[in-house]
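Structure record follows, encoded as structure tokens.
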Amino acid sequence: MKFQLEDVTIYFPYDNIYPEQYQYMLELKRALDAKGHCLLEMPTGTGKTIALLSLITSYRLSKPSNPIKLLYCTRTVHEMEKTLAELKLLYNYQLQHFGPGARMLAIGLSSRKNLCVNPSVVSAENRDSVDAGCRKLTASWVRAIAVENPNIPTCSFYENYDAADKAGTSTLPAGVYTLQELRLYGKEKGWCPYFLARHMVQQANVVVYSYQYLLDPKVAGIISKEMERECVVVFDEAHNIDNVCIEALSVSVRKQTLEGATRNLSRMSNEIERLKATDAGRLRVEYNRLVEGLAQRLPAQDVWLANPALPDDIMKEAVPGNIRKAEHFLSVLRRFVQYLNGRLETDNVEKEGPVAFVASINTQVGIDQKMLKFCYDRLHSLMLTLEITDTDEFLHIQTVCDLATLVGTYSRGFSIIIEPYDERMPHIPDPVLQLTCHDASLAIKPVFERFQSVVITSGTLSPIDLYPRLLNFNPVVSRSFKMSLTRDCICPMVLTRGSDQLPVSTKYDLRSDPGVEKNYGKLLLEMVSVVPDGVVCFFVSYSYMDGIVNSWHESGILKDIMQHKLVFIETQDVVETTLALDNYRKACDSGRGAVFFSVAR
């Protein structure tokens, strides 16, 4: 359907629109007109995604003199593909009713693991291994050697893409490209889909990618750094966005991390000695560049992660003199690793702030705040100088330098917590040092400052007035919409007693009572035996859910439940939970029926 919303013609690919969708679009348009940020809550299943896409793309068509770009952020690859599928439907509708002027380029961008088409690389077991495998074939120094020695393996897909890029023909035709379609296009052309997508991000009208591409400074500094201000950023399903922000700036270090970092330092030391004997000039060039500052323009294939914290003005500073020489820098890192090892030798839980932690480092091993601040970029520079391609082997020292840079940069909003063991297994020593971020606004602040409109939306943002305080921003629009229902189809009931008249409650002092667990199990069994299709069972926490499910398994209640319906369980892994939800829906749609155990939050 096509309709007018104030001064914008909306192209909506369905015959009917819910009243809440119309109101949602209206509030979103007002935020875009004001060039401000907004918070919008609308229940799951009411068509938020298509309402967002329809309004923003129609707004772009109605105001060609002031084009806007959409950066649509999702939590998972599955959600990304669903969004692109909706956008493809909308795009075809707009072409049909608006004409050729509706042409646009929309792409999904994900990791090499999801876009690589080189069989020898993509077969690796995890994302870090795929990244390292790609770098071994595409790093500039590897390709330079391959020119002289044809026996050195390179990636034909990247070589073909690079040749097309230099000829100015490495472009994508207008259209909406899912990850699968990007891979197919790459195979057809013989080009690398990953680097093609990276290249086309700047030209695309709509980019769909993960939260981390904007919120994690290490990734955002590479992918999203050059995005123009005239962008509308959408964070979909953003009810946990504060947790994502906190995780992006938090680091954990264990004994295994420090052992791996020590191995990394030994290998780098050997590489430096080898380089001194064969090509000392390369180390001198690096030293001179560090005197001038860290900022440098690198080929896309040589960069893997940006700095976790440093702003651009610090990047132009000269690196402290005592870490400019490679061997001096490694000496500093050895002392820092030694210090962290000492801190993990504790029998008690310890907590302190970044200022006290940095002062303790300076006192005990003579490393000051400025040296810590530059650790991550100095490591990156050294790894490039040493021409290291297997970066997956150096994740441990990268984690240590990540910790150093964050504690050297931020004096507020963080705590260092040292725990001698996992509370679930207190008899097994497993010390961990965690740099924990408490302030979610630190990670998202650059996004609010750089882009004219940021939309935070989800089915559950209650209480909605909490988010501006959590994320430290002032929305021009903050609205919550209700689902419109044609009939009364929700019947809330509160049960206080089971069939044996014993009280049932999840109060802390009652929840572990065997009688309560048994009554909850019997209640669920009765429900699944009479309710068709799907039942969702919520628990107060993951640990409580684990305990109850174990108890029901031992008593045979779970087996009885499974006689009536399939059982799916939410986990703390997003991918596993998404898969479980998909199978839950399939079981309900097929008539088999299912029950989904999840955590209420």
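The values are calculated or read from the model by the stated rules, or taken from the named source; none is laboratory data. No experiment lies behind these values; they were computed from the predicted model shown. Cβ placement follows ideal geometry from the backbone for every residue including glycine, while neighbour counts extend to all protein chains displayed. Heavy atoms of the whole protein, side chains included, go into the accessibility calculation; ligands, DNA and RNA do not. Shrake-Rupley method; radii C 1.70, N 1.55, O 1.52, S 1.80 Å.
Across region 358-466, Cα pairs under 8 Å and at least six residues apart give a relative contact order of 19 percent. Converting the Cα gyration tensor eigenvalues of the chain into ellipsoid dimensions via √(5λ) gives semi-axes, longest first, of 43, 35, 24 Å.
The calculated 222 nm mean residue ellipticity attributable to helices in the chain amounts to -15500 deg cm²/dmol, summing -39500 (n - 2.57) over DSSP H runs of n ≥ 4 and dividing by all residues.
Around the amide H of Y177, modelled in the peptide plane, lie the amide H atoms of A106, I107, G108, all under 5 Å away and 5 or more residues distant in sequence or on another chain.
Over the chain, what relative contact order in percent results from Cα pairs under 8 Å that are six or more residues apart? The normalised contact order for the chain reaches 18 percent.
Using a probe radius of 1.4 angstrom, the carbon and sulfur fraction of the accessible surface of region 68-172 is 52%.
Here's the picture: a label point sits 7 Å out from the Cα of K445 along the beta-carbon direction, and within region 382-411 the residues with their amide nitrogen under 11 Å of it are 410-411. Each peptide in 374-380, 70-76 receives the mean, over its residues, of other Cβ atoms within 10 Å, and ordering these scores from highest gives 374-380, 70-76.
Ranking H97, N243, F12 by Cα position along the charge dipole of the chain, where only Lys, Arg, Asp and Glu carry charges on their C-beta atoms, puts H97 farthest toward the positive end. Length available on full extension from Y14 to K351: 0.36 nm per residue minus the Cα-Cα distance, which gives 115.8 nm.
Each part reduced to its alpha carbon centroid, region 521-557 and region 63-86 end up 38 Å apart. In whole percent, and with a 1.4 Å probe on the protein chains, what portion of the accessible area of region 229-295 is carbon and sulfur? C and S fraction of accessible area: 46 percent. Listed by chain and number, the lysines placed with their C-alpha closer than 26 angstrom to that of K189 are K82, K88, K113, K136, K166; residues fewer than eight positions away on the same chain are left out.
Per residue, the accessible area of the chain comes to 48 Å², computed with a 1.4 Å probe over protein heavy atoms only.
Counting only DSSP beta bridges whose two residues both lie in the chain, roughly 35 percent are antiparallel.
Put +1 on the Cβ of every Lys and Arg and -1 on every Asp and Glu Cβ in the chain; which of V599, C401, V349 then has its Cα farthest towards the positive end of the dipole? Result: C401, furthest along the dipole toward the positive end. Distant-in-sequence amide contacts of V233, defined by a placed amide H-H separation under 5 Å and a gap of 5 or more residues or a different chain, comprise L71, S453, V454, V455.
Compute the label zone of R412 within region 326-357: residues whose backbone N is under 19 Å from the point 7 Å along Cα-to-Cβ. So the set is 352-357. Taking the charge dipole of region 442-593 about its Cα centre, with +1 at Lys and Arg Cβ atoms and -1 at Asp and Glu Cβ atoms, the residue from Q572, S555, G459 reaching farthest to the positive side is G459. Each Lys and Arg Cβ is given +1 and each Asp and Glu Cβ -1; about its Cα centre, region 176-222 then shows a dipole of about 120 debye. A straight chain from E226 to D589 at 0.36 nm per residue would run longer than the Cα-Cα distance by 126.2 nm.
So if I place +1 on the C-beta of Lys and Arg and -1 on the C-beta of Asp and Glu, and nothing else carries charge, what would the dipole magnitude of region 538-601 be about its Cα centre? I want it in debye, nearest 20.
Its charge dipole is roughly 240 debye.
Note on A359 and K522: their simple-model spin labels are 6.1 nm apart, each label 7 Å out from Cα toward Cβ. The charge dipole of region 478-601, taken about its Cα centre with unit charges on the Cβ of Lys, Arg, Asp and Glu (plus for the first two, minus for the last two), comes to roughly 440 debye. Protein heavy-atom surface of region 337-412, 1.4 angstrom probe: 41% of the accessible area is carbon and sulfur, with nucleic acids and ligands not counted. Across region 40-108, the convex hull enclosing all Cα atoms gives 102 Å³ per residue.
Along the chain, the exposed loop sites are GluC sites (Glu not before Pro) outside DSSP states H, G, I, E and B with at most 12 other Cβ atoms within 10 Å, and the longest stretch free of them is 424-601.
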